[in-house]
Amino acid sequence: MSRWGCPPSKFPWTYSDKETCYLLEGKVKVYPDGSNEGVEIGAGDLVVFPKGMSCTWDVSVGVDKHYKFGNWNVVTQLDVYDIVR
């Protein structure tokens, strides 16, 4: 498990592997490529991003999160959001 954070910002991102993350702080609207509709995630949310997903992160409140790439069997049973393209 690793930790990552960023201040309010907007940036594109592509997931080279499945990522499971738990947001400790912050608020983000994630826009999958090709979609005008975003999914809002925030502090306390557990999120799984599929391998190969390309999106734009629009961070309105600075983020602090724990994350892990690849499969993690314990967490995959607890998925709260599964954002798919």
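The values are calculated or read from the model by the stated rules, or taken from the named source; none is laboratory data. Only a predicted model underlies this, so the values are computations on that prediction, with no experimental measurement involved. Backbone-built Cβ (ideal geometry, glycine too); neighbour counts: all protein chains shown.
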Q) For the stretch 11-38, which residues satisfy the criterion of being farther than 19 Å from residue 71 by Cα, touching a Phe, Trp or Tyr at 6+ places or on another chain (Cβ under 7 Å) and assigned to a strand (DSSP E or B)? A) 11, 13, 28, 30
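Considering only the stretch 9-39, how many residues are under 15 Å from residue 57 (Cβ atoms) and in contact with a Ser or Thr (Cβ under 9 Å, 6 or more places away or on another chain)? It would help to see each step written out before you state the result.
We begin by selecting, within the stretch 9-39, every residue under 15 Å from residue 57 (Cβ atoms); these are 9-15, 19, 21, 23, 25-33, 35, 37-39.
Right, trim to in contact with a Ser or Thr (Cβ under 9 Å, 6 or more places away or on another chain) and you get 10-15, 26-33, 38.
Matching residues across the stretch 9-39 total 15.
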Q.
Here are the criteria: (1) on the phi < 0 side of the Ramachandran plot; (2) modelled with pLDDT of 95 or more. Tell me which single one residue 26 does not satisfy.
A. (1)
Q: Could you tell me whether any residue of the stretch 14-22 is touching a helix residue (DSSP H, G or I) at 6+ places or on another chain (Cβ under 6 Å) and surrounded by 13 or more Cβ atoms within 10 Å (Cβ to Cβ)?
A: yes
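Yes/no per residue for (1) at pLDDT below 95; (2) closer than 18 Å to residue 4 by Cβ:
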residue: 35; (1), (2): yes, no
residue: 43; (1), (2): no, yes
residue: 55; (1), (2): no, yes
residue: 59; (1), (2): no, yes
residue: 64; (1), (2): no, yes
residue: 70; (1), (2): yes, yes
residue: 76; (1), (2): yes, no
residue: 84; (1), (2): yes, no
Q. List the pairs whose first member sits in the stretch 1-18 and is of a type in the set (Asp, Glu), whose second member is not in a strand (DSSP E or B), and whose Cβ atoms are under 6 Å apart, counting only residues at least 6 apart or on separate chains?
A. 17/51; 17/70
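Out of the residues in the stretch 45-54 meeting the condition of being in contact with an Asp or Glu (Cβ under 6 Å, 6 or more places away or on another chain) and under 18 Å from residue 23 (Cα atoms), tell me which one is surrounded by the fewest Cβ atoms within 10 Å (Cβ to Cβ). Give the derivation first.
First pass over the stretch 45-54, keeping only residues in contact with an Asp or Glu (Cβ under 6 Å, 6 or more places away or on another chain): 48-49, 51, 54.
Narrowing the set further to residues that are under 18 Å from residue 23 (Cα atoms) leaves 48-49.
Working: 48: 19, 49: 24.
If we take residues in the stretch 45-54 being in contact with an Asp or Glu (Cβ under 6 Å, 6 or more places away or on another chain) and under 18 Å from residue 23 (Cα atoms), then 48 is surrounded by the fewest Cβ atoms within 10 Å (Cβ to Cβ).
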